[in-house]
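To start, the structure under review is shown below, and the notes come after it.
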């Protein structure tokens, strides 16, 4: 679970900071919450970020956790991710100001 936090909350938003929207981050979030995406497909998608077996197992465990969630929880997670990585929120974080 810590791996996901680092990956999503640090690496991907920084990777996407240059644009107003990040297709790759959206794809990761969508594949994470999509129950039609299998664990194997999810692991293959994140293969460039997988350096060892432990990381691959953590990614599989993460996907399994999302597969067990209700549609309402997945919808709330998607909404939270949109809020967290919207350009306004990112720019406010870098200036030390908050919209909230």
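Out of (1) modelled with pLDDT of 60 or more; (2) surrounded by 10 or more Cβ atoms within 10 Å (Cβ to Cβ), the odd one out for residue 53 is which? It fails just one condition, (2).
Give 7, 17, 23, 12 a once-over and let me know the one that is over 19 Å from residue 69 (Cβ atoms), at pLDDT below 85 and under 9 Å from the mean Cα position of the chain (by Cα). Spell out the reasoning first.
Values: 7 fails: over 19 Å from residue 69 (Cβ atoms); 17 fails: under 9 Å from the mean Cα position of the chain (by Cα); 23 fails: under 9 Å from the mean Cα position of the chain (by Cα).
Sole residue among the options that is over 19 Å from residue 69 (Cβ atoms), at pLDDT below 85 and under 9 Å from the mean Cα position of the chain (by Cα): 12.
Residue 37 meets all of the listed conditions (1) modelled with pLDDT of 90 or more; (2) surrounded by 13 or more Cβ atoms within 10 Å (Cβ to Cβ); (3) assigned to a helix (DSSP H, G or I) but one, namely (3). For the stretch 61-91, the set of residues classified as over 14 Å from the mean Cα position of the chain (by Cα) and either modelled with pLDDT of 85 or more or farther than 17 Å from residue 22 by Cβ (or both) consists of 61, 64, 67, 68, 69, 70, 71, 72, 73, listed by residue number.
The values are calculated or read from the model by the stated rules, or taken from the named source; none is laboratory data. The structure displayed is predicted, hence computed values, not measured ones. Every residue, glycine among them, receives a Cβ derived from its backbone with ideal geometry; neighbour counts consider all protein chains shown.
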